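The values are calculated or read from the model by the stated rules, or taken from the named source; none is laboratory data. This one's a predicted model, so the numbers in the text were calculated from it and none came from an experiment. Cβ: placed from backbone, ideal geometry, glycine included. Neighbour counts: every protein chain shown. All accessible areas refer to the heavy atoms of the entire protein, side chains included, with ligands and DNA or RNA removed. Shrake-Rupley method; radii C 1.70, N 1.55, O 1.52, S 1.80 Å.
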Amino acid sequence: MQISNIDRANILVQALPYIQKYAGKTIVVKYGGNAMINKELKDAVMRDIVLMQLVGINVVLVRGGGPEISEMLRRIGKEPKFIAGMRYTDEETVEIVQQVLAGKVNKALVQLLESHGGRAIGLCGLDGGMLKAQKLQAEQDLGYVGEIAAVDTQIISDATANGYVPVIATVAGGDQGEVYNVNADIAAA
């Protein structure tokens, strides 16, 4: 689809106040659900993030990967288990969560952002002690599911100051060296 120069100018005139308002600010984008599964939607989201980066907005991408985790669990012959809508995460599952979120999915999003002209770096909450969690207290035991107890933003600030979009996998460390699966909605808050 071709956009005329007049239409481009109108779009820029409408966007300029927002660009000025948010330039230099940091915006956290929680990314998940259908936007991760639908290729066209995924490309559109990544293009928008790169555009925000290009106009001077610091973007931090926090993302989950529930469907990919479930797929990998099924590949190894383990049926995903959910309690009250939350994934039950035993020791074997938390290893899969870490591999899928901090590895496969994270690196694929970094590559996709870069293919659209952005600069990105893949991180997880374990890197630099960024995300600290404690076991989520729920009516039923969810295993290694955590809730954020502390966030050290230094590594995020360093990345954005150097022109990178940090792509953060929601895996967090506990006080005793445990690894927790953390809901991306909670981590983005």
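At-a-glance table
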item: 1.4 Å probe accessible area per residue over the range 1-75, in Å²; result: 66
item: Degrees, to the nearest 10: 66-75 long Cα axis against longest axis of the chain; result: 50
item: Calculated FRET efficiency for the pair K104/Q20, C-beta based, R₀ 35 Å, to 0.05; result: 0.40
item: Alpha-carbon centroid distance for the pair the range 51-97 / the range 130-177, whole angstrom; result: 13
item: Normalised contact order of the chain, rounded percent, pairs of Cα under 8 Å and 6 or more residues apart; result: 23
item: Counted charge near V62, where neighbours are those whose Cβ lies closer than 13 Å (Asp, Glu -1; Lys, Arg +1); result: +1
item: The range 73-173: C-alpha gyration tensor shape, a/c 1.5 cut-off, then a/b vs b/c; result: oblate
item: Value of [θ]222 nm, deg cm²/dmol, for the chain, DSSP H segments ≥ 4, -39500 (n - 2.57) each, nearest 500; result: -12500 deg cm²/dmol
item: Gaussian network model of the chain, springs between alpha carbon atoms under 10 Å - residue of A15, A161, A150 with greatest fluctuation; result: A15
item: The chain: Lys pairs at Cα distance under 20 angstrom, eight or more positions apart or on different chains; result: 11
item: Computed lengthening from E40 to N162, 0.36 nm per intervening residue step minus Cα-Cα distance; result: 41.0 nm
item: Folded to 0 to 90 degrees: helix 106-115 orientation relative to the chain principal axis, Cα; result: 10
item: Gyration tensor (alpha-carbon) shape descriptor, the range 60-115, a/c threshold 1.5; result: prolate
item: Karplus-derived 3J(HN,Hα), 6.51/-1.76/1.60, for each residue of the range 135-140, Hz, glycine and proline x; result: 4, 5, 8, 10, 4, 10
item: Given the chain, longest segment not containing exposed loop GluC sites (Glu not before Pro) (DSSP; at most 15 other Cβ within 10 Å); result: 1-138
item: All-pairs Cα distance distribution in the chain, expressed in whole percent, bin size 10 Å; result: 9, 34, 32, 16, 7, 2
item: Cα-Cα separations in the range 6-116 greater than 17 Å, expressed as whole percent; result: 63
item: Accessible surface of the chain, 1.4 Å probe, proportion on carbon and sulfur as whole %; result: 52
item: Accessible area in square angstrom per residue, the range 118-189, 1.4 angstrom probe; result: 47
item: Sequence-distant residues sharing a close amide H with A120 (under 5 Å, placed H); result: V165
item: Share antiparallel - DSSP beta bridges, the range 40-185, percent rounded to 5; result: 45
